[in-house]
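A.B. asks: Right, I'll just put the structure down here and ask away after.
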Amino acid sequence: MIYFDNAATSFPKPKRVAQAACQSFTEYGANPGRSGHQMSMQTAIKVYDARENLAELFGLQSPEEVVFTSNCTHAVNIAIKGLMRKGDHVIISDLEHNAVLRPVHTLAQRGLITYSVAETFADPKLTVASFAAHIRPDTRMIACTHASNVFGTILPIEEIGRLCRDRDILYLVDAAQTAGVLEIDPLSLGIDFLCVAGHKGLYGPPGTGALMTPLGSLLDTIIEGGTGSFSANFDQPREMPDRLESGTVNTMGILGLGAGVAFVREKTCKAIYTHEMKLATELFSQLKSMPKIVLYTPDFGFGTHVPVVSFNIKGQSSEQTTAQLDEAGFALRGGLHCAPLAHRKMRTLEVGTARISIGAFNTIAHVHKLCDAIGKIARA
Amino acid sequence: MLLHSFFGAQPSAFIIRGEAMNGGTVLFNSITWAIRAQKLLNGQGIGSNIRKISKVGQSKGCAYGLDVKKDFSKALRILENSNIRIVDVIEA
């Protein structure tokens, strides 16, 4: 089987990730930050190392700004639900994943907030203008994806960040598809809340993610409980990261994530992105030349896209295509990819799209084999 | 001897008799802060050991103590300059 579903979760993982995760069963099996014995302390240090690794990858001011979560969705929910007050207005993009859309929509359904959807364009200036046009006096946050999980389109997050700073609006970026692929410096980009998946471009185990923010102490909590700190106090501590990390953390996942981040830092985001985009542009070019193949972006390239390509074969649904490719030995995802707004925009709500998402371990030979297989299905 | 006890103060608040200190324990409410402090001091050549302390003051509950046997005053100054959040300082 050749794996092309890295936008859902990356596979394979670097060997060191499995080794580090296994250490939680063999060496670092105690509860970190709870007990006083040596194994607990050693485990806590390993968790800290992973936190520090993430902080350094994203140029944070201190490791306490990293909150370990179960996934990117979890991180987005902590930030949005912790921040929004009755009467607030939020702007999201028309490419959002349900990770952003659903928490915002849920709060709106409850009558707490209102939200607007900004249209995105190939021209970044038009996209920024679209966000600007939706700003109102009660706009408290812009929450947008860094890159579409369906079409790979990169949003102009730097310019949107500038807009947020100028208008004193909080800024959340969903970097599920870009963390570990594109260099992200939240401080210089003006990002207040950076939400990442640990199990995609950072090569950690599934069930890992992180919220990175210097504003964690200001958030209302959606989960309270034991933190191993201030234990006699009935109130949830303000101190970060404890405030947002109640309950026993996912040591196995975090240790693996730390190793995944170390892998990315060694390779560098730039090298990973260059490798993956070489494959993606070759793939896009081959698909574009095939009859019966429908693509959804007129262009695809470095700087404007991440290595995620959606397509369909005329006359069949995306799920039919991915099922046929599965039988031929290729793992792709079909359907809506939890991003109904993006499909509404591209008019693919009925058929979905077959999505090819490339990872660091894919090769040009993989791409050629996949294109051969798609060609055969299209010609049949 | 407990010198002070108020959460969130900076180390400078504790260096009343700092120059005379030889060893002592710096208290943190969170294991994350304790490890950060330990790593910071290690990088400056100051060894330390973290231990769990079950009760701090009248109501705060669990804390982590960083035992520093040598260069305690220097250690406190380093932590102060790095904005490390200290709960208490106990002189040896």
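A.B. asks: Suppose we keep only residues that are among the aliphatic types (A, V, I, L, M) and buried (at least 24 other Cβ atoms within 10 Å of the Cβ) within the stretch A:70-92. Which one would you say is nearest to A:SER24 (Cα to Cα)?
C.D. replies: A:ALA75
A.B. asks: Taking the options A:TYR171, A:TYR115, name whichever one is aromatic (Phe, Trp, Tyr), farther than 17 Å from A:LEU341 by Cβ and either at pLDDT 95 or above or open to solvent by less than 20 Å² (accessible area, probe 1.4 Å) (or both). Working first, answer last.
C.D. replies: Numbers: A:TYR115 fails: farther than 17 Å from A:LEU341 by Cβ.
Only one candidate qualifies: A:TYR171.
A.B. asks: I'm told A:GLN109 meets every condition in (1) closer than 21 Å to A:PRO340 by Cα; (2) open to solvent by 30 Å² or more (accessible area, probe 1.4 Å); (3) under 20 Å from the mean Cα position of the chain (by Cα); (4) of a type in the set (S, T, N, Q) except one. Can you identify the failing condition by its number?
C.D. replies: (3)
A.B. asks: Could you say whether any residue in the stretch A:250-263 is more than 20 Å from the chain's Cα centre (by Cα) and either assigned to a loop (DSSP other than H, G, I, E, B) or farther than 30 Å from B:SER54 by Cα (or both)?
C.D. replies: So far as the stretch A:250-263 goes, no, none of its residues is more than 20 Å from the chain's Cα centre (by Cα) and either assigned to a loop (DSSP other than H, G, I, E, B) or farther than 30 Å from B:SER54 by Cα (or both).
A.B. asks: Assuming A:ASP88 fulfils every condition listed in (1) of a type outside the set (A, V, I, L, M, F, W, C); (2) over 23 Å from B:CYS62 (Cα atoms); (3) free of Cβ contacts under 8 Å to residues at least 60 places away in the same chain; (4) within 14 Å of chain B (Cβ to nearest Cβ) apart from one, which condition is it?
C.D. replies: Exception for A:ASP88: condition (4).
A.B. asks: Counting only residues that are in a loop (DSSP other than H, G, I, E, B) and modelled with pLDDT of 95 or more, how many does the stretch A:215-233 have? Reasoning before the result, please.
C.D. replies: Kept after step one, since they are in a loop (DSSP other than H, G, I, E, B), are these residues of the stretch A:215-233: A:215, A:219-233.
Retained after the next criterion (residues that are modelled with pLDDT of 95 or more): A:215, A:219-225.
Residues in the stretch A:215-233 being in a loop (DSSP other than H, G, I, E, B) and modelled with pLDDT of 95 or more: 8 in total.
A.B. asks: Could you run through the stretch A:224-263 and say how many residues are open to solvent by 40 Å² or more (accessible area, probe 1.4 Å), free of Cβ contacts under 8 Å to residues at least 40 places away in the same chain and either of a type in the set (Asp, Glu) or more than 14 Å from chain B (Cβ to nearest Cβ) (or both)?
C.D. replies: Count: 2.
A.B. asks: Right, something else. Considering A:VAL67, A:VAL47, A:VAL100, which residue is away from chain B (no Cβ under 14 Å), of a type in the set (A, V, I, L, M, F, W, C) and buried (at least 21 other Cβ atoms within 10 Å of the Cβ)?
C.D. replies: It is A:VAL100.
A.B. asks: Pull up the stretch B:59-78, narrow it to residues that are within 14 Å of chain A (Cβ to nearest Cβ) and surrounded by fewer than 19 Cβ atoms within 10 Å (Cβ to Cβ), then point me to the one that is farthest from A:MET41 (Cα to Cα).
C.D. replies: Here the residue is B:SER59.
A.B. asks: Looking only at residues in the stretch A:1-44 that are polar (S, T, N, Q) and at the interface with chain B (Cβ under 9 Å from one of its Cβ atoms), which one is farthest from A:LEU336 (Cα to Cα)?
C.D. replies: A:SER35
The values are calculated or read from the model by the stated rules, or taken from the named source; none is laboratory data. All figures in this text were calculated on a predicted structure; none of them were measured in a lab. Using ideal geometry, Cβ is built from the backbone for each residue, glycine included, and neighbour counts are taken over all protein chains shown. Side chains included, ligands, DNA and RNA excluded: accessible areas come from the protein's heavy atoms. Shrake-Rupley method; radii C 1.70, N 1.55, O 1.52, S 1.80 Å.
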